[in-house]
2 protein chains.
Amino acid sequence: MQAPFETLTAFRNLLAQSPASDGDATRAAQHRNAQLTKPPAALGRLEDLAIWYAGWRGTGQPTITAPQVVIFAGNHGVCAQGVSAFPPEVTAQMVANFQHGGAAINQLCKVFGARMDVHALTLDVPTVDFTQAPAMTEEELIAALQTGWAAVDPQADLLVTGEMGIGNTTAAAAVAAAVLGGDAARWTGRGTGVDDAGLAQKIAVVARGLALHATSDPLMALRCLGGRELAAMAGAIAAARHYRIPVILDGFICCAAAAVLEKTHPGALDHAVAGHLSAEGAHQALLDALGKAPLLNLGLRLGEGSGAALAIAVLQGAVACHSGMATFAEAGVSDG
Amino acid sequence: MQAPFETLTAFRNLLAQSPASDGDATRAAQHRNAQLTKPPAALGRLEDLAIWYAGWRGTGQPTITAPQVVIFAGNHGVCAQGVSAFPPEVTAQMVANFQHGGAAINQLCKVFGARMDVHALTLDVPTVDFTQAPAMTEEELIAALQTGWAAVDPQADLLVTGEMGIGNTTAAAAVAAAVLGGDAARWTGRGTGVDDAGLAQKIAVVARGLALHATSDPLMALRCLGGRELAAMAGAIAAARHYRIPVILDGFICCAAAAVLEKTHPGALDHAVAGHLSAEGAHQALLDALGKAPLLNLGLRLGEGSGAALAIAVLQGAVACHSGMATFAEAGVSDG
């Protein structure tokens, strides 16, 4: 579906008009939950998840039948500063791997029955090295937001946004620092696995970017320091809100992109849960800033949407219990 | 498959002869893992799980196609001491709910493609109140161990043991205390939700049981303080080891039963992982005693095998990534 905005102002207006969760559906789900054949609260966070999901889907007894995973790939001029253990060619190579079904995210989508789409965002034209100039023009930012928005299937009932982009933990750290405050060291981690010298280099690069592009506007921070795949994730998460599709956030890069929305319009992520805590050092601080507790903590730091895709199963389990279980009355079970 | 033991001595001998993981398969899986299209260790615990699973299944590139969830139900004489918020009739009512597909575990098995079997263990003859006399005779203990063993499908490739039994957190606390040491208060929790007075009563009841049935033999502790569903879970977990079927342990009651095996024969649980951390207070201490880190921590305290069933998805994801991903060479991706 084509994105309904042509300017950043129009995108901001869409965020400001974000639809709310359905209070009637939430109350219906709470009422149902209290009648199910289990001790009160015995399913823990699964109960909260199911009720939250019901509210966004507008029904007290929802199902998950069409989860979608969308992966965006971008290349980063800042790779010229030696911030990654992998060469930039790997971005396109991994996109081919996604398309041929060989990556981790392909296997997870298959196991959990999710549709998977891959969007490579002009990989042959990397963003500008943000230590030299803004990473993107306003037109490039809008185009990436539009690509992200249009990538979301309005018929999906659960969305995961993943990414691939050599150098993008550096871009994400810079965006997180600009949007949430704090210095470069706080937000910069080892990414796919740089050593101590590599980490020091990344921190210095992020600090230079922050010094060059001081701004209090989150979307300007995304334009100057981010990348096309980060902007596309932000666009997709905003589109999901527009369609009332619940979102599972992935790791550090996804959450940095999501933070741009939350800081542009507080509450913009109310339709999103945190799928997992990544092993990327600053992810916990990012989740804290977003006020999201992760569903999983298994030490993943791959990106691709992999941690969030694994959490699809948690949502599926939560919603299946909520909507499929018998009530005490239906089952003839004494409720204590 | 009929259990290959008629006496406790024969059961102990089977534990002592527990087969080991396949070293060649483990090494083949480690070798494969190092070649997959991802940065080293980027899938975190999923990588360890896949390699561990490969070792037990005896192949470097395994699949999960036949997970089995077995639920055992038992009634407890100790309910006469007022240890549960629910009446004992609920055990049979919930068994009927399992059989009709209305419980949480039914929904989870459906979502994750697991076969589910329910075994009600002479619900009309509860165990003896352990504050008065041993809960079971030796014959009853052996019969329950045999039922558990025979319940395991030798063709299954992943096993979850669940339970239902009003009063069984009290029995499990007594078994845990007897087997692992520490006083009644350390191991006794709120179960399905007793209040402060109920908790104090449970602790007093467990303490009386421990005073009456002092023993250093874990299987005797299981007989005197446990219950048929705990014994059946122990039998099933032992059978899984015999068949080299990996096991996902559930919450407090399952882990108390499993601890009997580990303390009878150290290493008896090497084929098992902890599916989740339950909200039942002493589960963390029990997992610590077993040396198992839980895969999930979502505040569940339902039993039925529900937390472990949810963790089936984590294993499925881990094994799917391991066995389905392309290698760097296959995908033509530069490996850094």
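Rule-based calculations on the coordinates, nothing more; no lab input. What you see is a predicted model; the values in this text were computed from it and never measured. Note that we place each Cβ from the backbone using ideal geometry, even for glycine, and neighbour counts take in every protein chain shown.
For this structure, a couple of remarks:
- Helix-derived mean residue ellipticity, 222 nm - over chain B, DSSP H n ≥ 4, -39500 (n - 2.57), to 500: -15500 deg cm²/dmol
- Exam field: B:T215 pseudo-label spacings to other copies (7 Å along Cα-Cβ), nanometres: 7.2
- Number of partner chain Cβ atoms within 10 Å, mean per residue of B:273-281: 1
- Sequence-distant lysines (8 or more away, or on other chains) whose Cα lies within less than 29 Å of B:K202: A:K38, B:K263, B:K292
- With its label point put 7 Å out from Cα toward Cβ, A:Q284 sits 1.4 nm from the same residue's point in the other copies, in order from shortest.
- The angle separating the long axis of helix A:138-151 from the principal Cα axis of greatest extent in chain A is about 30 degrees.
- Placing +1 on each Lys and Arg Cβ and -1 on each Asp and Glu Cβ, with no other charges, gives the protein assembly as shown a dipole about its Cα centre of roughly 220 debye.
- With label points set 7 Å from Cα along Cα→Cβ, the inter-copy distances at A:T122 are 7.7 nm, sorted shortest first.
- Near B:R208: Cβ cut-off under 14 Å, other residues only, Lys/Arg at +1 and Asp/Glu at -1. The net charge is -1.
- Most mobile of A:C254, A:C109, A:C224 in a GNM of chain A (Cα contacts under 10 Å): A:C109
- 37 °C / 0.692 mPa s Stokes-Einstein diffusion coefficient of region A:64-320, Kirkwood radius on C-alpha pairs, µm²/s: 188
- Between 0 and 90°, nearest 10: helix B:168-180 axis offset from chain B longest Cα axis: 80
- Mean sequence separation of contacting Cα pairs (under 8 Å, at least six apart), scaled by the length of chain B, corresponds to a relative contact order of 24 percent.
- Taking the Cα centre of region A:64-320 as origin and assigning +1 to Lys and Arg Cβ atoms and -1 to Asp and Glu Cβ atoms, the resulting dipole is close to 360 debye.
- Once you reduce region A:1-70 and region A:187-210 to the center of their Cα atoms, the two points are 37 Å from each other.
- Residue of chain B with the smallest Cβ distance to the axis mapping B onto A, distance rounded to whole Å: B:A313, 2.
- Positive-end extreme of charge dipole, chain A - chosen from A:P246, A:V175, A:V69 (charges on Cβ): A:P246
- Each Lys and Arg contributes +1 and each Asp and Glu -1, all at the Cβ; summed about the Cα centre of region A:6-70, the dipole is approximately 160 debye.
- Counting only alpha carbon atoms, the long axis of helix A:228-242 and the longest principal axis of chain A meet at about 30°.
- Each other residue within a Cβ distance under 13 Å of B:V83 adds +1 if Lys or Arg and -1 if Asp or Glu, for a net charge of +1.
- For the protein assembly as shown, share of DSSP beta bridges that run antiparallel, in % to the nearest 5: 5
- Using R0 = 51 Å, the C-beta based FRET efficiency linking B:T215 and A:D124 works out to 0.10.
- Neighbours of B:H322 by Cβ distance under 9 Å: Lys/Arg scored +1, Asp/Glu scored -1, total 0.
- A dipole drawn for region A:205-302 from +1 and -1 charges on Cβ atoms has a positive end, and of A:H265, A:M220, A:G299 the residue lying farthest that way is A:M220.
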